[in-house]
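The values are calculated or read from the model by the stated rules, or taken from the named source; none is laboratory data. All figures in this text were calculated on a predicted structure; none of them were measured in a lab. In this analysis, Cβ positions are derived from the backbone assuming ideal geometry, glycine residues included, and neighbour counts consider all displayed protein chains. For the accessible areas, the whole protein counts, side chains as well, though only heavy atoms, and no ligand, DNA or RNA atoms are used. Shrake-Rupley method; radii C 1.70, N 1.55, O 1.52, S 1.80 Å.
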Amino acid sequence: MSDQEKELTQETKATNIMGEEAVKNEEASEEQGVQTLSNTTSQQMNAEAVKLANEEQGIKSSPNTPPKQESRENAVTKPQAASVPPKKPAATPRPAAKKPAEEKPLEPSRKQPWLDKFVVKLKELEGSEHLEDAFINRANNDLPTLVVKSEWWRTLALHLRNHPDCQFHYVQNFSSVDYETHLEVVVHLFSFPHKERLGVLVKVDRAEAKVDSVADIWDAANWNEREAYDLMGIIFEGHPDLRRIMLTDQWIGHPLRKDYVPYDEGV
Amino acid sequence: MLRTEEMLLNMGPQHPSTHGVLRLVIKIDGEIIREVDPVVGYLHRGTEKLAEDLTYTQIIPYTDRLDYVSAMTNNYAVVHATEKLMGLEVPERAEYLRMITMELNRVASHLVWVGTYLLDLGAMSPFLYCFQDRETILNLFNELCGARLTYNYMRVGGVKWDAPEGWLQKVEEFVLYMQKELATYHDLISGNDIFLQRTRGIGIYTKEQALSYALSGSNLRVTGVPWDLRQHQSYSLYHQFQFEIPTGETGDVLDKYHLRMQEIEESLKIVKQVLDVIKEGPIMGKVPKVLRVPEGEVYTGVESPRGELGCHIVSNGKNKPWRLKFRRPSFYNLQILPELLKGENISNLVAILGGIDIILGEVDG
Amino acid sequence: MDLFFYLGPIILMLLLLGFVTYAILFERKVIGWIQNRPGPNQVGPWGLFQTIADVAKLLLKEDIVPGKADRALFKLAPIIAFVPAFAILAVIPFTESWQFGDFAVGLLYYIAISSITIIGILTGAWASNNKYSLLGGMRSAAQMISYEIPLVLSVVGIVMTTGSLDLNDIVLAQKKVWFIVPQFLAFLIFLIASLAELNRTPFDLPEAESELVAGYHVEYTGFRFAFFMLAEYVYVFAMASLTTCLFLGGWLPLFGLTMIPGILWFLLKFSLVVFSLFWIRATMPRLRVDQLMQFAWKVLLPLSLLNIFLTAIFKEIPVLSSFY
């Protein structure tokens, strides 16, 4: 990403988001994330800085860099974080998701009120400090999305599945992503009674990739967790039968990790 | 007293009715199944890993190999997700052509299902009738994009080739023919007493089970949930057209058969309606030479013949996806199999497994 | 006479092989037509040499005996299965004069001997030491024993009418009217039960391709496999012949057309039966094991008993008794 682009996107951000307040809040929430998540964000930024430096020196570190988490649009207001003063390195790249957005300021998403209400309710839940972020993924049909830490995932899953206000009985998608700084379990849920979609991003530590299994909450998660374990190397604790599903049992490594190197003895 | 013991039977990966390379490790007591452990992965080609090193256009032919019975919807799944992330406008004619091909592909796919399912049950002739009609569709596709199974037809922003002269006419002829031909299928199959006996009351699961296992497509609708992404999370231009969502009542395999037959009818109806409104026009939107997809994350689902075919793309702004994940409906649908098979007869295994309608290319990714 | 005694069976054997060769071709052609395709048409004119090529291929194949199989039984099984199939042909009266063993209990002999084949199938299934073949063998045994009962009972009506077990007598008793008319119920039961006895669709569970791969002969290759197939088709031949004799008046002409020789009449009726077997095969799905058993014991058996009962009653009714 060139510097020019960065500037452009930075400008966009300043103009298009719902006023000064929202920007502040968002940054504040990120700040909080830095504090609570044992410096994940700062690590990531460091890693990026190293990479940028490498690129300048002409060293090819990695052909591809992970998408930046900060670029997620429109963080929801988080009252308790507002007191933290915003301090942000000015050069943090923040691309906007859509080009047309540059011309006119974005309307608040139609899902924003719903998400705000939803988050307020979630706050009452035990361990809700692990809720890192909640935003609307505009590119994806205004999909409300939660970002949570792995410790809280099981509690949240139970809540989402069973609470009468949620009733997310249906797993639309169960995916996992390697961001090089951390792993993410991505679950897209659907609630038939409320006709609502919800994305949940569960941040998982990369070195010790462990997260509670939800196979007993949604039957559909069973094989998907096995697949995520097999290909991404995430260990789902409490899974009834965590074996490799796609690859052979003797396989070495987890191919979808970005640092995966094939182990081909015979070749 | 005779000493009896359970027998471990290895069904597959080479077996006539596991529809490819599915392997089922079955514990049987006589012919009664006590436990099933499906072993998948024999056809795993690492499409998701490969996609990370491919540009968005290069990924499309790989999707053809997932669900090779309805490659058009696979094409669309990945193209649609990319367009969503880029916020691209697709010309009307391109969307119409996509819809025609997708719906024809659904018809073809369901015909394969009906044929192979009856073959699983031991009836040979319907298989050949179905393949004959499917052949017409494949020939139409062949004329359109030069391939019978792996079409590689859609592109981000449109479709690759416009319909050749007279093609739409041929499609219309086929639709009219097929609408009549369905009566023949009902004559041959629907009233057959052995077929009814084999399928009635077999493989029943509840709505709650279906939701928990995240079944989709006919496998979900058969439990009475009218859930069709074409209407409920509408994509392409489906919202312009009228069609019903058939649902089942009892949820057995017989219901699935009737449901899929009705879906063929509905698909034909959609094609007919599209043919009435399709006009000349561009087939590609304004798309840059090198596709750079803006940073972001998107998940979109489309209704493939087997259910919700989703595509989850995480982009870092480059011309290649950072992560691409397919929500493969066969993979989700197959999960419920061990539950359905407990206590069933081996003959029912074939009937139930066939009823789920899996494609191993898709299960294994 | 002596010459015929020795040469006859050999001629019959050759005729039979010829029949099997062309029955297979005919079956494939018929099914092909039913399924809108030409059937075999590459080897020889009209595909006439297709089966010969197939048999040649089978004969040239390596004879594989699985390592864990019971070698002696494995080799014996095809013979046990085939010999009775051939032996039963002795009692079939093709015409008045063309019969090898005319004895008073022909029908009983046929039914008794044909049951031996099941031992061959079971032996082969067991000796193969394969789970699929074992399952196929078990299914086969259960099925053939179950269906033998309605098969035999359905014929009792005819035996009561003619008062004889001799197939010649039975054919001659149909001079006035074929037994298919007064014994129609018996005919249906017999046809269904014989399909089951032949292990043909919709009763082809023992070798259910989509479930058990190939059932009892899954481990057999080459010549031994050919023997099983041969036994199956000889049974088709025998069963169709028996149906012709019992219900369709054997070699007796229709409409008094006596100038057409009896053997042609026989062949005509016989072909009709064979065709209907193929026809059914092309249209029907397969039954399930438990349904199969239920069908035999709960439907066919009571019906065949009813048939015996009705026959006994009709025999006493003045007007009808002429038919019985």
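Anything in the stretch A:124-133 that is of a type outside the set (A, V, I, L, M, F, W, C), open to solvent by less than 60 Å² (accessible area, probe 1.4 Å) and closer than 13 Å to residue A:147 by Cα? List them, or say none. Hits for the stretch A:124-133 are A:128, A:130, A:132, A:133. Scanning the stretch B:192-223 for residues that are surrounded by 23 or more Cβ atoms within 10 Å (Cβ to Cβ), among the aliphatic types (A, V, I, L, M) and away from chain A (no Cβ under 12 Å) gives a single hit, B:222.
Might you check whether a residue that is assigned to a helix (DSSP H, G or I), farther than 20 Å from residue C:241 by Cα and in contact with a Leu (Cβ under 7 Å, 6 or more places away or on another chain) occurs anywhere in the stretch C:36-49? Checking the stretch C:36-49: at least one residue is assigned to a helix (DSSP H, G or I), farther than 20 Å from residue C:241 by Cα and in contact with a Leu (Cβ under 7 Å, 6 or more places away or on another chain).
When C:292, C:205, C:303, C:212 are checked against the criterion of being touching a Leu at 6+ places or on another chain (Cβ under 7 Å), in contact (Cβ under 8 Å) with a residue 24 or more places away in the chain and open to solvent by 10 Å² or more (accessible area, probe 1.4 Å), a single residue qualifies: C:303.
Of all the numbered requirements in (1) surrounded by fewer than 16 Cβ atoms within 10 Å (Cβ to Cβ); (2) over 30 Å from residue C:34 (Cα atoms); (3) of a type outside the set (Gly, Ala, Ser), residue B:228 misses one, and that requirement is (1). When the stretch B:102-129 is filtered for residues that are over 13 Å from the mean Cα position of the chain (by Cα) and farther than 17 Å from residue B:191 by Cα, the ones remaining, listed by number, are B:116, B:120, B:128.
Across the stretch B:294-318, the number of residues qualifying as at the interface with chain A (Cβ under 10 Å from one of its Cβ atoms) and either surrounded by fewer than 24 Cβ atoms within 10 Å (Cβ to Cβ) or not small (Gly, Ala, Ser) (or both) comes to 14. Every listed requirement among (1) under 24 Å from residue C:35 (Cα atoms); (2) within 14 Å of another protein chain (Cβ to nearest Cβ); (3) assigned to a helix (DSSP H, G or I) is met by residue C:287 save one, (3). Residue B:264 passes every criterion in (1) of a type outside the set (Phe, Trp, Tyr); (2) closer than 25 Å to residue B:77 by Cα; (3) within 14 Å of chain A (Cβ to nearest Cβ) apart from (3).
Entry remark, the stretch B:336-353: residues being open to solvent by less than 10 Å² (accessible area, probe 1.4 Å) and at the interface with chain A (Cβ under 10 Å from one of its Cβ atoms) number 1 in total. Among the residues of the stretch B:315-365, just one is under 17 Å from the mean Cα position of the chain (by Cα) and without any contact (Cβ under 8 Å) to a residue 60 or more places away in the chain, namely B:327. Within the stretch B:147-191, being assigned to a loop (DSSP other than H, G, I, E, B) and within 14 Å of chain C (Cβ to nearest Cβ) holds for one residue alone: B:191. Residues in the stretch C:107-139 that are of a type outside the set (A, V, I, L, M) and more than 30 Å from residue C:168 (Cα to Cα): 12 in all. Scanning the stretch C:156-174 for residues that are open to solvent by 10 Å² or more (accessible area, probe 1.4 Å) and either of a type in the set (Asp, Glu) or part of a helix (DSSP H, G or I) (or both) yields a count of 9. Assess whether residue C:94 counts as being crowded, with 18+ Cβ neighbours inside 10 Å, modelled with pLDDT under 85, under 30 Å from residue C:170 (Cα atoms) and among the aromatic types (Phe, Trp, Tyr). Answer is yes for this residue.
Inspect all residues belonging to the stretch C:74-83 and state whether any of them is more than 26 Å from residue C:9 (Cα to Cα) and at pLDDT 85 or above. It would help to see each step written out before you state the result.
First, pick out the residues of the stretch C:74-83 that are more than 26 Å from residue C:9 (Cα to Cα): C:74.
Restricting the remaining residues to those that are at pLDDT 85 or above gives C:74.
So far as the stretch C:74-83 goes, yes, one or more of its residues are more than 26 Å from residue C:9 (Cα to Cα) and at pLDDT 85 or above.
The criterion of at least 1 residues that are touching a residue at least 40 places away in the same chain (Cβ under 8 Å) and away from every other protein chain (no Cβ under 11 Å) is met, among strands (runs of 3 or more DSSP E) falling completely within the stretch A:170-228, by A:182-191, A:196-205, A:210-212.
Just wondering, is there one or more residues in the stretch B:250-270 that are assigned to a loop (DSSP other than H, G, I, E, B), surrounded by fewer than 22 Cβ atoms within 10 Å (Cβ to Cβ) and touching a helix residue (DSSP H, G or I) at 6+ places or on another chain (Cβ under 9 Å)? Within the stretch B:250-270 (the criterion being assigned to a loop (DSSP other than H, G, I, E, B), surrounded by fewer than 22 Cβ atoms within 10 Å (Cβ to Cβ) and touching a helix residue (DSSP H, G or I) at 6+ places or on another chain (Cβ under 9 Å)), the answer is yes, since at least one residue qualifies.
When we screen C:80, C:145, C:52 for residues that are closer than 19 Å to residue C:205 by Cβ, in contact (Cβ under 8 Å) with a residue 12 or more places away in the chain and either open to solvent by 10 Å² or more (accessible area, probe 1.4 Å) or basic (Lys, Arg) (or both), the only hit is C:145.
Determine whether residue C:252 is in contact (Cβ under 8 Å) with a residue 60 or more places away in the chain, open to solvent by less than 60 Å² (accessible area, probe 1.4 Å), in the same structural domain as residue C:161 (by TED's automatic domain parsing) and closer than 26 Å to residue C:28 by Cα. For residue C:252, the condition - in contact (Cβ under 8 Å) with a residue 60 or more places away in the chain, open to solvent by less than 60 Å² (accessible area, probe 1.4 Å), in the same structural domain as residue C:161 (by TED's automatic domain parsing) and closer than 26 Å to residue C:28 by Cα - is not met. Taking (1) touching a helix residue (DSSP H, G or I) at 6+ places or on another chain (Cβ under 6 Å); (2) surrounded by 16 or more Cβ atoms within 10 Å (Cβ to Cβ) in turn, residue B:245 satisfies each apart from (1). For the stretch C:34-46, does any single residue satisfy the condition of being without any contact (Cβ under 8 Å) to a residue 24 or more places away in the chain, surrounded by fewer than 17 Cβ atoms within 10 Å (Cβ to Cβ) and β-branched (Val, Ile, Thr)? Yes, the conditions are met somewhere in the stretch C:34-46.
For the stretch B:225-246, the tally of residues that are closer than 17 Å to residue A:195 by Cβ and either of a type outside the set (Lys, Arg) or within 14 Å of another protein chain (Cβ to nearest Cβ) (or both) stands at 12.
Residues checked against (1) more than 12 Å from every other protein chain (Cβ to nearest Cβ); (2) open to solvent by less than 20 Å² (accessible area, probe 1.4 Å); (3) free of Cβ contacts under 8 Å to residues at least 12 places away in the same chain; (4) not charged (D, E, K, R):
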{"residue": "B:43", "(1), (2), (3), (4)": "no, no, no, yes"}
{"residue": "B:46", "(1), (2), (3), (4)": "no, yes, no, yes"}
{"residue": "B:52", "(1), (2), (3), (4)": "no, yes, no, no"}
{"residue": "B:56", "(1), (2), (3), (4)": "yes, yes, no, yes"}
{"residue": "B:61", "(1), (2), (3), (4)": "yes, no, no, yes"}
{"residue": "B:67", "(1), (2), (3), (4)": "yes, yes, no, no"}
{"residue": "B:72", "(1), (2), (3), (4)": "yes, yes, no, yes"}
{"residue": "B:77", "(1), (2), (3), (4)": "no, yes, no, yes"}
{"residue": "B:82", "(1), (2), (3), (4)": "no, yes, no, yes"}
